[in-house]
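> One structure, as structure tokens, below. Some questions next.
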Amino acid sequence: MTTTQAAPMSYTLEGPSEAPVLMFSNSLGTTMSLWESQARALRAQYRILRYDTRGHGESPGAAGAPTLAQLGRDVLDLLDQLKLDKVSFCGISMGGIIGLWLGIHAADRVQRLIIANSAAKIGTAEGWRDRAAQVAENGMDGVADGAAGRWFTPAFIARAPVLVDAMVSDLRHCSPRGYAACCTALADADLREQVSRIEAPTLVIAGRHDPVTTVADARFLQDRIAGADYLELAASHLSNVEAGEEFTAGLAKFLA
């Protein structure tokens, strides 16, 4: 389904209507299908809300490049459209920093936060702007060619080649315009001085072998968010895929 808000968003909402809502937010270059394993495991206990970030999947991109604040307000607009007052929010990578923004600026809408493989500042502004320019000029092939090594460990790539190839293929077909726009948003996103304002119960999940958002990035969040729990998985950047069972078990334990 697609909302009718200013920046239309594709979403799916499933599970018992009276159950608490658990919302998932995907990483850069992926879609709501990233969370299929978690949705399948948890939709009997929770009302599962997944969505495609603007410019990804079935969500069209708006004119111009969004800011992190606009990506966060997209979430709030969707919750308003669906008449959902409060959700537990689980985001990975780009979805994680969107979750941090919500925890800072929309605390009344967040029951619990799960921040996976993310950081208060992801990468460098120069790196993101260079990637946005590369994609705008040459398309997605260059980014897709190196994605498997950023997303997964060599052992997982060898163990699950069909899954890895399918995810890389999906990235190759991602909208260059939508991807580049979100790169620009990440270039300017820096919440390092604000994350200590988060009051929602928070679980920080790290991938022990993640080269993109490191264990040190996760520990920074744990140290600055009062009472934050920490879970470290034997995985790289997309830990909910590579260590899916452990990720889901940790998520369920935190939400219980």
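> Under a 5 Å amide H to amide H cut-off, with H placed in plane at 1.01 Å, what residues pair with residue 87 once short-range neighbours are removed?
Those qualifying (amide H under 5 Å, at least 5 residues apart or on another chain) are 110, 111.
> To continue, here is another question. How large is ³J(HN,Hα) for each residue in the stretch 72-84, as worked out from phi by the Karplus curve 6.51 cos²θ - 1.76 cosθ + 1.60 (θ = phi - 60°), to whole Hz, x for Gly and Pro?
These are the phi-based 3J(HN,Hα) values: x, 5, 4, 4, 5, 4, 5, 4, 5, 4, 8, 6, 10 Hz.
> Something else about it: Which percent, nearest 5, of DSSP beta bridges in the chain are antiparallel?
Antiparallel: roughly 20 percent of the beta bridges in the chain.
> Okay, moving on. Can you give the helix-only mean residue ellipticity at 222 nm for the chain, where every DSSP H stretch with n ≥ 4 adds -39500 (n - 2.57) and the sum goes over all residues, rounded to the nearest 500 deg cm²/dmol?
Numbers: 12 runs with 113 residues, N = 256.
Here the helix-only value at 222 nm equals -12500 deg cm²/dmol.
> Whole-Hz ³J(HN,Hα) for each residue in the stretch 237-251, computed from phi via Karplus 6.51 cos²θ - 1.76 cosθ + 1.60 with θ = phi - 60°, x for glycine and proline: what do you get?
So the J values, rounded to whole Hz, are 6, 9, 5, 5, 8, 5, 10, x, 5, 5, 4, 5, 5, x, 5.
> If you average the C-alpha positions of the stretch 156-201 and of the stretch 237-256 separately, how far apart do those two centres end up, in angstrom?
Each part reduced to its Cα centre gives a spacing of 17 Å.
> At what distance in nm do the modelled label points of residue 43 and residue 188 sit from each other, each positioned 7 Å from its Cα along Cα→Cβ?
3.7
> With a point put 7 Å past each Cα toward its Cβ, work out how far residue 67 is from residue 173 in nm, to one decimal.
3.5
> Take the Cα atoms of the stretch 134-256, build their convex hull, and give its volume per residue in Å³. Intermediate results must be reported in sequence, preceding the final value.
Details: hull volume 14.8 nm³, N = 123.
Cα-based convex hull of the stretch 134-256, divided per residue, equals 120 Å³.
> May I pose another question? Based on the Cβ-Cβ distance from residue 129 to residue 18, what FRET efficiency comes out when R0 is 45 Å, to the nearest 0.05? Intermediate results must be reported in sequence, preceding the final value.
Working: r = 46 Å, r/R0 = 1.02.
Computed FRET efficiency for residue 129 and residue 18: 0.45.
> Give me Rg/Rg_expected for the chain, where Rg uses Cα atoms only and Rg_expected = 2.2 N^0.38 Å with N residues.
On the way: Rg = 16.6 Å, N = 256, 2.2 N^0.38 = 18.1 Å.
That works out to 0.92 for the chain.
> Still on this structure, please answer the following. How large is the accessible surface of residue 208 in square angstrom, using a 1.4 angstrom probe and rounding to the nearest 10?
120
> Oh, and also: Report Rg/Rh for the stretch 56-111, rounded to two decimals, where Rg is the Cα radius of gyration and Rh the Kirkwood radius.
Working: Rg = 11.3 Å, Rh = 11.9 Å.
Result for the stretch 56-111 is an Rg/Rh of 0.96.
> Shifting gears a bit: Expressed as a whole percent, how much of the Cα-Cα distance distribution for the stretch 145-195 exceeds 14 Å? All intermediate terms of the calculation are to be shown ahead of the outcome.
On the way: 819 of 1275 pairs.
Tail of P(r) above 14 Å: 64 percent of Cα pairs.
> Rounded to the nearest Å, what's the spacing between the alpha carbon centres of the stretch 24-61 and the stretch 65-81? Just the number, please.
Here the two parts' Cα centres lie 15 Å apart.
> Ignoring solvent entirely, what values of log10 I(q)/I(0) come out of the Debye formula for the stretch 1-113 at 0.09, 0.10, 0.13 Å⁻¹ when each Cα is a single scatterer?
Once normalised to I(0) and log-transformed, intensities are -0.19, -0.24, -0.42.
> Let me know the longest stretch in the chain that avoids all GluC sites (Glu not before Pro) found in a DSSP loop with at most 10 other C-beta atoms within 10 Å.
Working: sites that count: 18, 193.
The segment 19-192 is the longest one with no such site.
> Between residue 206 and residues 5 or more places away or on another chain, which pairs have amide H atoms under 5 Å apart, with H built 1.01 Å from N, and which residues are they?
117, 231, 232, 233
The values are calculated or read from the model by the stated rules, or taken from the named source; none is laboratory data. In this text the structure is predicted, and so the values were computed from the model without any measurement. Virtual Cβ from ideal backbone geometry, glycine too; neighbours counted across all protein chains shown. Areas reflect the complete protein model, heavy atoms only, side chains present, ligands, DNA and RNA absent. Shrake-Rupley method; radii C 1.70, N 1.55, O 1.52, S 1.80 Å.
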